[in-house]
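Heads up, the thing below is written out as structure tokens.
The values are calculated or read from the model by the stated rules, or taken from the named source; none is laboratory data. This one's a predicted model, so the numbers in the text were calculated from it and none came from an experiment. All Cβ positions, even for glycine, are placed from backbone atoms using ideal geometry, and neighbour counts span all protein chains on display.
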Amino acid sequence: MTDQDAADRRVSAGTRATVLGVAVLVVAVLVGVLVGPVRIGAANVLRWLVSFGDAPQGMSEQQALILADLRLPRVVVAGLVGASLAASGAAYQAVFRNPLADPYLLGAAAGAGLGATIAVAYGPSDATELTVPVSAFVGALVGVGLAYGLGRSTLGGRSTASLVLAGVAVASFLTAVQTFLQQQRSETLRQVYTWILGRLGTTGWDDVRLALPSVVLALGTMWAVRRLLDVIEVGDVEARSLGLHVARLRLVVVIAASLATAAAVAVAGLIGFVGLIIPHTVRLMVGGSYRSVLPLSMLFGASFLILVDTLARTVVAPAEIPIGVITAFVGAPFFIAVLRRNRRAA
Amino acid sequence: MGKRLSIVVALVLAPSLAACGSNGGSDDPPAGNVASPPSERSSFPVTVEGTSGQVTIDDRPERIVSLSPTATEDLFAIGAGEQVIAVDDQSNFPPEAPATELSGFEPNVEAIAGFEPDLVVFATDPGDLGSSLEGLGITALQLDAAPTLEVAYEQIEQLGLATGHADEARALVDDMRSEIEGLVNAADPAPGTSFYYELDDTLYSVTSETFIGQLFEMLGLENIADEVGTGSGGYPQLSAEYILASDPDLIFLADTKCCGQSLETVSRRPGWHELSAVTGGDVVPLNDDVASRWGPRIVDLLGRIAKAADSAEANAA
């Protein structure tokens with residue numbers, strides 16, 4: 001087999017995976033819109049969809065309201081959050097050359113948690129639907145900023161290890177502050193806790209408006225540099241010898257991934273597992289090149305979270321299960337199944 | 001000096017006496033009889049029934065620390081307020097309760113002991129609070145969240161026994177019973193009048209299994225959260241879609257203090273402006289504190305719920 005053959009095969013595998021990814025996303029969106037705790041006839045929902053929100057005959061005003069104001073924004077937000085977390089995870093894994101890196105590696109989760117806690121405990125109590133996400137967003141960025149600054153200056157390293165260590169230290173510190181504040185205001189405990197477990201249950205178009213600009217900017221940036229991630233993953237020295245400004249690229253990627261993560265955390269709380277499992281699953285399907293891994297992570301991440309959220313609101317309907325619980329519960333066995341299948345195929 | 005000595009003796013003896021009491025020897029007088037002598041002061045020692053077993057109290061307690069907001073309300077309502085020297089940071093009623101920084105969620109045994117209490121009343125034991133206090137010779141009485149009204153009454157009566165106010169406690173319980181009975185008898189909601197009870201702004205609710213849920217059930221109101229069935233532990237997080245589709249006649253907000261919710265904030269939620277409870281003004285703000293406790297003020301709470309149910313009917317008519 002020549003190199004050219006191998007390259008062709010990789011490309012076609014990537015193309016096939018992309019087609020599959022798009023198809024899965026379309027199916028996931030349809031499932032997400034069709035299935036919910038309130039039963040609305042599938043034919044009516046489809047007619048409603050293709051007429052862009054005109055309620056067809058036989059659909060009550062209330063059903064149209066549920067679709068337009070609750071179900072659709074929730075599917076959109078789940079898609080944005082899933083794509084953000086999966087792409088950020090893939091990008092972090094590349095620039096830190098660490099397969100265990102996830103979007104919360106550099107203190108984004110701890111920063112967001114602290115931000116949300118401050119908003120709940122000290123912010124105006126009648127506007128938490130706005131103050132909590134905004135404050136969590138800022139907190140996530142501050143957390144990553146601190147970790148990055150500390151890792152670069154104090155620990156003096158240009159190595160990825162010092163950044164990761166700084167992330168661990170910053171996360172512990174911010175979590176300690178959060179716990180202290182929660183103790184001071186123990187009446188806020190439950191509100192912060194339910195927020196941490198994920199809050200797609202009350203999602204509306206406001207959340208889409210809040211997250212969309214950051215997500216588009218961040219995912220666009222990661223998409224633009226996806227080829228360079230292949231180079232940086234090889235090693236700093238090698239990448240430099242190829243004329244790449246490693247530190248600058250790493251900073252750009254960290255900023256983009258953190259922006260996406262912060263937006264995701266702000267509207268959805270902490271959802272584990274997606275940033276780890278989706279990129280690795282994609283790698284098992286199409287190989288390690290970030291040209292494919294990054295866009296496919298976005299597609300499959302979006303589909304995965306839309307489907308998981310559909311489970312979250314239907315399994316125990318009319319009650320809800322926190323989405324973070326299901327991502328791990330469904331994600332872990334799924335990932336093991338993919339690993340096993342891959343080993344058998346190899 | 002003599003007094004001090006007797007405290008020391010009491011501290012040393014209390015654990016062993018408590019141990020005797022919990023053995024439940026046949027010559028222990030039954031708790032009910034202990035309070036019957038006319039002079040309450042002479043009724044000590046008494047054995048009372050706490051959540052985690054029997055507790056013997058040797059002398060009328062004069063330095064009570066309450067780590068439970070409900071117990072604080074109970075103690076003041078039965079006239080034992082003067083014996084209370086410290087309450088936890090969540091005990092905000094009645095206003096004259098001696099508030100401190102003590103925490104009932106994260107109790108600090110040393111800080112509690114610093115008040116030199118002769119009785120500590122608490123609701124939740126996060127670890128070994130009871131045994132730690134007993135180890136210091138401090139009598140500790142646990143009165144955990146009441147699952148039913150009957151248990152709430154029982155706790156008030158036990159606190160009466162424990163503090164030397166058994167008669168007042170019994171009178172309070174009788175009052176509560178008759179007032180609640182009156183409210184329940186007067187309540188006549190239209191069949192199928194439904195409600196949604198909100199615990200927080202992420203749509204956590206309660207089923208009729210819970211203490212608060214039972215109050216609504218007594219009034220004949222239909223709880224939309226009961227659709228969830230058992231297995232949710234009584235506190236399910238409801239789907240926003242389901243609430244919209246159920247379109248409850250009444251919405252009770254028990255998150256006015258924790259989360260600043262009101263008719264105005266809920267009407268801003270996606271789709272909620274169409275709910276008939278919102279358009280009809282049947283969104284009822286409740287005091288989170290009263291709604292999450294099982295003390296004497298549940299009578300007021302029940303009255304408020306009953307009144308709201310009446311006016312909802314008037315709106316519907």
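Within the stretch A:10-54, work out how many residues are within 24 Å of the chain's Cα centre (by Cα) and among the polar types (S, T, N, Q).
Here is the first cut: in the stretch A:10-54, the ones within 24 Å of the chain's Cα centre (by Cα) are A:14-36.
With the extra rule that they be among the polar types (S, T, N, Q), the set shrinks to A:15, A:18.
Qualifying residue count, the stretch A:10-54: 2.
Somewhere in the stretch B:157-167, is a residue in contact (Cβ under 8 Å) with a residue 12 or more places away in the chain, assigned to a loop (DSSP other than H, G, I, E, B), under 29 Å from B:T47 (Cα atoms) and in contact with a Leu (Cβ under 9 Å, 6 or more places away or on another chain)?
Yes, the stretch B:157-167 contains a residue that is in contact (Cβ under 8 Å) with a residue 12 or more places away in the chain, assigned to a loop (DSSP other than H, G, I, E, B), under 29 Å from B:T47 (Cα atoms) and in contact with a Leu (Cβ under 9 Å, 6 or more places away or on another chain).
Go through the residues of the stretch B:286-297 one by one and say whether even a single one is without any contact (Cβ under 8 Å) to a residue 40 or more places away in the chain, in contact with a Cys (Cβ under 8 Å, 6 or more places away or on another chain) and over 16 Å from B:A190 (Cβ atoms).
Checked against the condition, which is being without any contact (Cβ under 8 Å) to a residue 40 or more places away in the chain, in contact with a Cys (Cβ under 8 Å, 6 or more places away or on another chain) and over 16 Å from B:A190 (Cβ atoms), the stretch B:286-297 yields at least one hit.
Specify which of the listed residues (A:V315, A:V325) is without any contact (Cβ under 8 Å) to a residue 24 or more places away in the chain and farther than 21 Å from A:A218 by Cα.
It is A:V315.
When you scan the stretch A:199-206, do you find a residue that is out of contact with any strand residue (DSSP E or B) (no Cβ under 6 Å at 6 or more places or on another chain), modelled with pLDDT of 85 or more, in a helix (DSSP H, G or I) and charged (D, E, K, R), even just one?
For the stretch A:199-206, residues out of contact with any strand residue (DSSP E or B) (no Cβ under 6 Å at 6 or more places or on another chain), modelled with pLDDT of 85 or more, in a helix (DSSP H, G or I) and charged (D, E, K, R): present.
Would it be correct to say that A:V144 is closer than 13 Å to A:V265 by Cβ, of a type in the set (A, V, I, L, M, F, W, C) and assigned to a helix (DSSP H, G or I)?
Against the criterion (closer than 13 Å to A:V265 by Cβ, of a type in the set (A, V, I, L, M, F, W, C) and assigned to a helix (DSSP H, G or I)), A:V144 qualifies.
Any residue in the stretch A:260-277 that's on the phi > 0 side of the Ramachandran plot: show its pairings with residues that are assigned to a loop (DSSP other than H, G, I, E, B) at Cβ separation under 9 Å, as long as the two are six or more apart or on different chains.
Going by the 9 Å Cβ cut-off, the qualifying pairs are A:G269/A:L197; A:G269/A:G198; A:G269/A:R199; A:G269/A:P322; A:F273/A:D102.
Output the number of residues of the stretch A:159-213 satisfying the condition of being touching a Pro at 6+ places or on another chain (Cβ under 6 Å), of a type in the set (V, I, T) and within 22 Å of A:V325 (Cα to Cα).
1
Filter the stretch B:279-289 down to the residues that are modelled with pLDDT under 95 and not in a loop (DSSP other than H, G, I, E, B) and list them by number.
B:T279, B:D288, B:D289
Out of the stretch A:182-204, which residues are within 7 Å of chain B (Cβ to nearest Cβ) and under 30 Å from A:V253 (Cβ atoms)?
The answer is A:R199, and nothing else.
Please determine, by comparing only the residues of the stretch A:58-115 that are basic (K, R) and crowded, with 23+ Cβ neighbours inside 10 Å, which one is nearest to the other protein chains (Cβ to nearest Cβ).
A:R71
Does the stretch A:122-140 hold any residues that are part of a helix (DSSP H, G or I) and either surrounded by fewer than 21 Cβ atoms within 10 Å (Cβ to Cβ) or free of Cβ contacts under 8 Å to residues at least 12 places away in the same chain (or both), and which are they?
Once the filter is applied, which keeps residues that are part of a helix (DSSP H, G or I) and either surrounded by fewer than 21 Cβ atoms within 10 Å (Cβ to Cβ) or free of Cβ contacts under 8 Å to residues at least 12 places away in the same chain (or both), the stretch A:122-140 yields A:Y122, A:S125, A:D126, A:A127, A:E129, A:L130, A:T131, A:V134, A:V138.
A:R209 passes all but one of (1) over 18 Å from A:V77 (Cβ atoms); (2) within 14 Å of another protein chain (Cβ to nearest Cβ); (3) among the basic types (K, R); which number fails?
Of the numbered conditions (1) over 18 Å from A:V77 (Cβ atoms); (2) within 14 Å of another protein chain (Cβ to nearest Cβ); (3) among the basic types (K, R), the odd one out for A:R209 is (1).
Quick one: how many residues across the stretch B:109-126 are part of a strand (DSSP E or B) and within 14 Å of chain A (Cβ to nearest Cβ)? It would help to see each step written out before you state the result.
Here is the first cut: in the stretch B:109-126, the residues part of a strand (DSSP E or B) are B:119-122.
So of that shortlist, the ones also within 14 Å of chain A (Cβ to nearest Cβ) come out as none.
Residues flagged as part of a strand (DSSP E or B) and within 14 Å of chain A (Cβ to nearest Cβ) within the stretch B:109-126 amount to 0.
Each row is one residue, and each column tells you yes or no for (1) among the aromatic types (F, W, Y); (2) closer than 21 Å to A:A136 by Cβ; (3) touching a Gly at 6+ places or on another chain (Cβ under 8 Å).
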| position | (1), (2), (3) |
| --- | --- |
| A:A64 | no, no, yes |
| A:R71 | no, no, yes |
| A:A83 | no, yes, yes |
| A:A91 | no, yes, no |
| A:V95 | no, no, no |
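Report, by residue number, each residue of the stretch B:202-248 that is under 23 Å from the mean Cα position of the chain (by Cα), within 8 Å of chain A (Cβ to nearest Cβ) and assigned to a loop (DSSP other than H, G, I, E, B).
B:L203, B:S232, B:P236
Which condition number does B:S292 fail, the rest of (1) under 17 Å from the mean Cα position of the chain (by Cα); (2) modelled with pLDDT of 95 or more being met?
If we test B:S292 against (1) under 17 Å from the mean Cα position of the chain (by Cα); (2) modelled with pLDDT of 95 or more, just (2) comes out false.
So if I check each of A:I66, A:I118, which one is more than 24 Å from A:L270 (Cβ to Cβ), touching a helix residue (DSSP H, G or I) at 6+ places or on another chain (Cβ under 9 Å) and at pLDDT 85 or above?
A:I66
Which residue out of B:E181, B:E150, B:E106 is in a loop (DSSP other than H, G, I, E, B) and surrounded by fewer than 16 Cβ atoms within 10 Å (Cβ to Cβ)?
B:E106
Looking only at residues in the stretch A:292-346 that are of a type outside the set (G, A, S) and not in a helix (DSSP H, G or I), which one is farthest from the other protein chains (Cβ to nearest Cβ)?
Within the stretch A:292-346, the match that is farthest from the other protein chains (Cβ to nearest Cβ) is A:V315.
Only one of these conditions is not met by B:L244: (1) among the hydrophobic types (A, V, I, L, M, F, W, C); (2) touching a Pro at 6+ places or on another chain (Cβ under 6 Å); (3) surrounded by fewer than 24 Cβ atoms within 10 Å (Cβ to Cβ). Which number is it?
Here B:L244 meets the rest and fails (2).
Say whether the condition of being surrounded by fewer than 22 Cβ atoms within 10 Å (Cβ to Cβ), out of contact with any Leu (no Cβ under 8 Å at 6 or more places or on another chain), farther than 26 Å from B:R269 by Cβ and not hydroxyl-bearing (S, T, Y) is met by at least one residue in the stretch A:162-175.
Looking through the stretch A:162-175, at least one residue is surrounded by fewer than 22 Cβ atoms within 10 Å (Cβ to Cβ), out of contact with any Leu (no Cβ under 8 Å at 6 or more places or on another chain), farther than 26 Å from B:R269 by Cβ and not hydroxyl-bearing (S, T, Y).
Restricting the search to the stretch A:34-57, which residues are part of a helix (DSSP H, G or I) and surrounded by 14 or more Cβ atoms within 10 Å (Cβ to Cβ)?
If the condition is that a residue be part of a helix (DSSP H, G or I) and surrounded by 14 or more Cβ atoms within 10 Å (Cβ to Cβ), then A:L34, A:N44, A:V45, A:L46, A:R47, A:W48, A:L49 are the ones that fit.
From the residues in the stretch B:254-268 that are at the interface with chain A (Cβ under 8 Å from one of its Cβ atoms) and in a helix (DSSP H, G or I), which one is surrounded by the most Cβ atoms within 10 Å (Cβ to Cβ)?
B:T265
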